[in-house]
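Comments concern the structure below.
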Amino acid sequence: MPTITIDGEQYQVDDDQNLLSACLAQGINLPYFCWHPAMGSVGACRQCAVVEYRDAEDQRGRLVMGCMTPVRDGGIYSVNAENAREFRGGIIEDLMTNHPHDCPVCEEGGECHLQDMTEMTGHTNRRYRGSKRTHRNQYLGPFINHEMNRCIACYRCTRFYRDYAGGDDLQPLGRNNQVYFGRQRDGMLENGFSGNLVEVCPTGVFTDKTFSEHFVRKWDLQSAPSICEHCAVGCNTAPGAREAGNGQDALLRRVVNLYNRDINGYFLCDRGRFGYDYVNSDARIKKVLAARGDEMIGSTAGAGDRVHGEVHPREGVQKFAEILAAVQRGQRRLIGIGSTRSSLENNFALRQLVGGGNFYSGLSARDLELLHLVDRVQRDDRIHSPSTPDIENADAILILGEDLDNTAPRISLAVRQAARNRQKQQAKKLKIPLWQDASVRQLRGEHSPVFFAGTEISGLADVANATLFDAPGQIALFADAIAQLIQGSDAAAMDLAADRRELAMRTADTLLAAKNPLIISGCSSRYGDLIRGAGKVATAIANRTATNCALYLACPEVNSLGLAQFFSPGRGHLEQLTQELHGKERDPLTLVVLENDLYRRADPQTVERILSCADEVILLDSLLNSTVKRADLIFPAAATAESQGSYINSNGQTQRFYAVYEGGGYIQESWRWLADAASFCEQITADLSVIAAWQHSMDLSEAVAAEFPTFEALEKVGPDEDYRIDGLKVARQGHRYSGRTAVRAKAEVAEFPPHLDPDAPMAFSMEGIQSPGATPLSANIWSPGWNSNQSIFKFQQGIGGARKGAKGPFKIRRQSQSIPDWTISAAEPEQDEEQLITLPIYRMFGSDELSASAAAIASVIEVPFALINRADAERLGVQPSQLWRLHTDGNSYSLRMHVSDTQPPGTLGVPCGLPGLEAVSSQLPGRAQLKPLPATETGETP
Amino acid sequence: MSSIFEPEVVEVMEHSKSGPNRIETRLSSKEKEEIDREFSHYEDKASVGLEALRIVQKHRGWVSDESLQAVSAYLNIPIAQLESVATYFQLIFRQPVGKEVIFLCKSASCWIMGCNRLQKKIEEKLQIKPGETTEDGIFTLLETPCLGDCDRAPVMMIGEEMHRNLTDSSIDEIIENKTLYHAEGSGHADQSAD
């Protein structure tokens, strides 16, 4: 470890870093713009100048840029030297000549890195009196505002967007004093990580347009650590909420990244950043609703659909309690359906209420089997589930059937970084420090090997060295061949086409030669053998190299892997439920559905069969959906940002999220409704009294951990509600939270007490611990003088290290078990001239249920479409953009046809979960017939 | 101020006019041939971008949005990347220019020798400011940094020909000659891109 002297103080600093990051790591405030901890240095802004002295004798020294200067053992530097300060002040003054004086109306104001740095350099008086250069701004889509006049040309935006995230539609244009960062023409930024520009830009050029819709200053937001609920990666977020001020319910106003080294680091995808708005949507359920007995005259509701009216929560809970009482008396059966998008705590509460034998996953047999397969493979000791930094370190990657950009976007961004490892190796050989970003990126040569085999590859196509497009069955065979080759089988004996055999051999060799090989697969192809194949490849590598092999298996939803743990393989799926309900002498039946739209899980007929067996359907959910129409009693469930609970991500990591604010109306956590119903019961049994006694979210977490040793980490993953720091709770609001009486002054001028939080050691107020350094429970990333999210480095263990005070990662505990020697055989049925094989494809916007209700995301979701192979299109006479009709068993859908060169022949790519296609999603992969639309319907315009 | 050093990026950005009815421009076979010839000098296609823009400009006088699109498609490089190159280099014109582009040197030697006075003279004679084109479409006036002929300052370049030791009268003469030349109806550059 080199020792350096800065302004007379000696510091021990890490090797291989630059002076700027060394200074920041020591807590020395050195202003900067263009450097970014994840993107390194380019020396563009000249803001981090310091004086470097030759030796102790040298009194004059010379100015160097901190970010471009490697730390030298014994080096003597000064940050505070007069000439360095003057230089930095001059740079800011220059930058500010063109910067508008619009801080009061700029949405960056209050969390602006440029404001902070300007303050820090002491440039408080503008001498420049000339006119400023101005630009015209562009329309960049529904997510991002563009205000180019504020630009200081640090190049961070294009360095992130183009270099880090692989976008190709945002570039620096022009030059000199007229540099412009924009697109060639107006239009939505196409890259799925564009939202990070909001945080990457040190000033207000790129701001969050969804936040603009309900803007407040950063200091007026109340915040808590949360988990993104829009996929299974489990990125940490810091959502911000505040009262509406007009007597309306509080709004969730935005989501920003919350640094977690092992998962999301500094970046989120656009689905995660902009999907939050579903909680504010008109489709939100905020009241207790009950079906009315009378049919509404002239109603457009379909057969079996109920018409609902609001009831008082007490009445709703009373009804629920009466049902529970009947169940206790043995007069009624109670069946519960859990959810992969609800917390462990909610699922567990329902399970306890209905009993383990009556608790179902709400997934089809196929989907649940996939989750059990993931679980099975991850139990193998030879396999390890890689964190994001592990993925970024991989030097050879095989992706099997997972279109990561649309199914686990943050992982795709990590793979993109991994593709640069060969370049980084070369840089090391040439003794170029890795933080010398421009120099390293200039090195020519191939990417680190990334092999892709699957149906569709979106964002990673440019870093993939080889691609193989085929149906999942063929991809599984291909994976199996690679596994066999790695084990030393003879390639010649394999039943594979020559080019495929050659690719399999190349892949096998590359993976074996790699130091950190990585296999990625997952559930999105909905094909078990693919996961088996991935497991076989990984274990084959592990056997050969005698170290464990990294295998990332992407799950579909935020708590998929958590819910699967409640069921033993082969149990708990909807098919089993259907069987259970039919052919038995039955008591009246009540079905309790927890945060699950069954119409997304199975075909409409199956769902119909299930629902028609129930005498009552009780639904707890946050958004109106198709299942709501069939429910008799509906309770408003809290969304992630409004509740506390735990999710298990694809890696098997347990994470807790905390309530950011209290939901409006009668919204509360689903488990609270269940506990309320239990406590309203007149005759309370021992089982019910346990449920009725739950007071705190942590009571449930502890109960889950006690009942399921798998989840033992739940007790360690965060402190319980009684935890205090210096006798204080952690404040959700910042020091500067304003107007807490004024916000309601129209109705009441008295100070009102803050909401109490029974679940977390946190307060819905300004009172309590404010420092993000004192505890990771504080999500308001702020440090004196550092108002923007850049301040995160103050709370890391070294630059880019884990958050101070962060514990874990806490993996779920699973019995280790080697995977069996699965046989993977070509199980695909013969091709049928009449029918096409439908394969699931995914979209970042639209495939996820909740985020599709966020206004900005809803505005960019594609109309229902399908991808068809060019040859098939010609054979069937399909023209691009034409509407065709897809016929599955008993259902049909109008789809706009997109002709694709990579869609496997004989197949049709159908987007999973897209609004309008929810019902077909559960039947993918499957078979369907494509027919031209009757002439009467084709007049439709897109 | 809109000197040639500071291309009016603002204007460059403003071409959302071209909606769905945009006229597709293709590269002529001559242009393609010339671009193809450049490939051998570079490691990859993307590096040919600048040369390709130069070639297109040689044939068409300037680089329109449609031309940019055509080059982007032909070289298979993102259009934004090509725009980045096009707007960086002052000799790539993203707006129509006159048949004769006057580059008036504004560097130190020419300044000492009175280029400002000459500029005023040109501006008055042609009734244009730097960055503008005369109404008859013949002249465009642009400022440029040092042309490397300081011993014969003040200098300017028209198209590819240098004019040295400029005086009021030589400027009159040059401009009149050029005007006459174009009045006779023989254009100077190949403006016939298909």
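The values are calculated or read from the model by the stated rules, or taken from the named source; none is laboratory data. Just so you know, these numbers come straight off a predicted model, no measurement behind them. Here the Cβ is made from the backbone with ideal geometry for all residues, glycine too, and neighbour counts use every protein chain on show.
Assorted remarks:
- Options A:Val216, A:Val255: the member that is among the β-branched types (Val, Ile, Thr), over 30 Å from A:Phe320 (Cβ atoms) and not in a loop (DSSP other than H, G, I, E, B): A:Val255
- Any hit, the stretch A:240-259, residues being within 30 Å of B:Ala70 (Cβ to Cβ), among the hydrophobic types (A, V, I, L, M, F, W, C) and away from every other protein chain (no Cβ under 14 Å): no
- Whenever a residue of the stretch A:172-201 is away from chain B (no Cβ under 13 Å), its partners that are aliphatic (A, V, I, L, M) and assigned to a helix (DSSP H, G or I), lying with C-beta atoms within less than 8 angstrom and at least six residues away or across chains, give the pairs A:Phe193/A:Leu413.
- Test: residue in the stretch A:150-165 that is acidic (Asp, Glu), assigned to a loop (DSSP other than H, G, I, E, B) and within 14 Å of another protein chain (Cβ to nearest Cβ): no
- Scanning the stretch A:823-850 for residues that are at pLDDT 95 or above and farther than 27 Å from A:Gly528 by Cβ yields a single hit, A:Phe845.
- Every condition in (1) of a type in the set (A, V, I, L, M, F, W, C); (2) touching a Phe, Trp or Tyr at 6+ places or on another chain (Cβ under 6 Å); (3) modelled with pLDDT of 95 or more is met by B:Trp62 except one, and the failing one is (3).
- Tally of residues being part of a loop (DSSP other than H, G, I, E, B) and buried (at least 19 other Cβ atoms within 10 Å of the Cβ) across the stretch A:434-468: 7
- Test: residue in the stretch A:63-84 that is basic (Lys, Arg) and either part of a strand (DSSP E or B) or under 35 Å from the mean Cα position of the chain (by Cα) (or both): no
- Test for A:Asn18: is it within 30 Å of A:Asn176 (Cα to Cα), touching a strand residue (DSSP E or B) at 6+ places or on another chain (Cβ under 7 Å), polar (S, T, N, Q) and surrounded by 17 or more Cβ atoms within 10 Å (Cβ to Cβ): yes
- Yes/no for A:Gln423 being surrounded by fewer than 24 Cβ atoms within 10 Å (Cβ to Cβ), polar (S, T, N, Q), within 27 Å of A:Glu190 (Cβ to Cβ) and within 14 Å of chain B (Cβ to nearest Cβ): no
- Residues that are hydroxyl-bearing (Ser, Thr, Tyr) and under 25 Å from the mean Cα position of the chain (by Cα), drawn from the stretch A:134-170: A:Thr158, A:Tyr161, A:Tyr164
- Odd one out for A:Ile781, checked against (1) of a type in the set (A, V, I, L, M, F, W, C); (2) over 24 Å from A:Cys112 (Cβ atoms); (3) surrounded by 22 or more Cβ atoms within 10 Å (Cβ to Cβ): (2)
- Checked against the criterion of being assigned to a loop (DSSP other than H, G, I, E, B), in contact with a strand residue (DSSP E or B) (Cβ under 6 Å, 6 or more places away or on another chain) and at pLDDT 95 or above, the candidates A:Val660, A:Val717 yield just one match: A:Val660.
- Test for A:Tyr53: is it in contact with a helix residue (DSSP H, G or I) (Cβ under 8 Å, 6 or more places away or on another chain) and either buried (at least 17 other Cβ atoms within 10 Å of the Cβ) or modelled with pLDDT under 95 (or both): no
- Boolean, A:Ser226 is within 17 Å of the chain's Cα centre (by Cα), within 14 Å of chain B (Cβ to nearest Cβ), crowded, with 24+ Cβ neighbours inside 10 Å and at negative phi: no
- Close pairs from the stretch A:702-725: first more than 16 Å from A:Pro776 (Cβ to Cβ) and not assigned by TED's automatic domain parsing to the domain that holds A:Thr654, partner assigned to a loop (DSSP other than H, G, I, E, B) and of a type in the set (Asp, Glu), Cβ under 9 Å, at least 6 apart: A:Glu721/A:Asp757; A:Glu721/A:Asp759
- Tally, over the stretch B:94-134, of residues that are assigned to a helix (DSSP H, G or I), among the aliphatic types (A, V, I, L, M) and within 14 Å of B:Ile175 (Cβ to Cβ): 3
For (1) closer than 27 Å to A:Arg600 by Cβ; (2) at pLDDT 90 or above; (3) within 31 Å of the chain's Cα centre (by Cα), each residue gets a yes or a no:
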site	(1), (2), (3)
A:Leu876	no, yes, no
A:Val899	no, yes, yes
A:Thr907	yes, yes, yes
A:Leu917	yes, yes, yes
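- Condition met for A:Gly798 (under 30 Å from A:Cys549 (Cβ atoms), of a type outside the set (A, V, I, L, M, F, W, C), part of a loop (DSSP other than H, G, I, E, B) and touching a helix residue (DSSP H, G or I) at 6+ places or on another chain (Cβ under 9 Å)): yes
- Of all residues making up the stretch A:120-149, the number that are among the β-branched types (Val, Ile, Thr), in a loop (DSSP other than H, G, I, E, B) and more than 8 Å from every other protein chain (Cβ to nearest Cβ): 1
- In the stretch A:100-107 there is no residue that is assigned to a loop (DSSP other than H, G, I, E, B), within 14 Å of another protein chain (Cβ to nearest Cβ) and at pLDDT 95 or above.
- Elements of type helices (runs of 4 or more DSSP H) contained in the stretch A:377-420, each with 3 or more residues being crowded, with 24+ Cβ neighbours inside 10 Å: A:404-407, A:409-418
- From the list A:Leu334, A:Leu371, A:Leu363, the lone residue that is part of a helix (DSSP H, G or I) and of a type outside the set (Lys, Arg) is A:Leu371.
- Here is the figure for the stretch B:67-86: residues that are in a helix (DSSP H, G or I), at the interface with chain A (Cβ under 8 Å from one of its Cβ atoms) and more than 18 Å from the chain's Cα centre (by Cα) total 3.
- Test: residue in the stretch B:91-104 that is within 13 Å of another protein chain (Cβ to nearest Cβ) and crowded, with 18+ Cβ neighbours inside 10 Å: yes
- For the stretch A:491-526, residues that are touching a Lys or Arg at 6+ places or on another chain (Cβ under 9 Å), farther than 23 Å from A:Ser387 by Cα and touching a residue at least 12 places away in the same chain (Cβ under 8 Å) total 3.
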